[in-house]
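Written out below as C-alpha cells is the structure these notes cover.
The values are calculated or read from the model by the stated rules, or taken from the named source; none is laboratory data. Please read all numbers here as calculations on a predicted model, not as lab measurements. We work out accessible area using only protein heavy atoms, side chains counted, and drop any ligands, DNA or RNA first. Shrake-Rupley method; radii C 1.70, N 1.55, O 1.52, S 1.80 Å.
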Amino acid sequence: MVSENFQTTGCTILGVLEATQNGTVEAGFTAGFYYLGKSPALMFDTGVPFGMSPRQHNAWMNEGGGLELMRDLYAEFNTINFPAGNSGAQMGGWYRKPIDTLDDIRAPRFLNNFC
C-alpha cells in the first residue's frame with residue numbers, strides 16, 4: 001500500500017528522478033525528457049519531436065533492445081525504469097504565425113521542456 005504521494009513529500013515534476021535516485025521516495029512516475037540536462041539519452045525513454053510513433057516506440061522498447069539500453073542508462077542514476085504509458089511523439093511546435101519556409105523557423109525563440 002502506498003502511504004505517501006509526491007504532494008506530501010514536496011517533490012515537483014522536475015524532481016522525481018532525483019527524489020527516487022536519492023531514496024527520498026521509493027518510486028516515481030515521470031518522463032525522461034524532463035532530464036535532458038542530466039543525460040540527453042534519457043529523451044529516448046519518451047516521445048521526442050518528430051520521433052517514433054507510439055507503436056514504433058513500443059516495438060523498439062519491447063523487441064528492439066530499447067528497454068535494455070534504457071535500463072543500463074537509468075542504472076547510472078541508481079534507478080530502474082518500467083515503461084508505463086505512451087504519450088506518443090511530441091508535436092513539432094505551436095506557433096503564432098504560419099511556418100511556410102525554413103527562414104520562418106530560424107528566428108523565433110523557443111520555450112521547451114528540455115531547459
>> under 16 Å from the mean Cα position of the chain (by Cα) and modelled with pLDDT of 90 or more: is that true of Glu68 in this structure?
In response: no
> Assuming Thr12 fulfils every condition listed in (1) under 22 Å from Asn86 (Cα atoms); (2) modelled with pLDDT of 85 or more; (3) open to solvent by 50 Å² or more (accessible area, probe 1.4 Å); (4) not basic (Lys, Arg) apart from one, which condition is it?
Replying inline: (2)
>> If I go through the range 50-63 residue by residue, how many of them are in a loop (DSSP other than H, G, I, E, B) and open to solvent by 50 Å² or more (accessible area, probe 1.4 Å)?
In response: 2
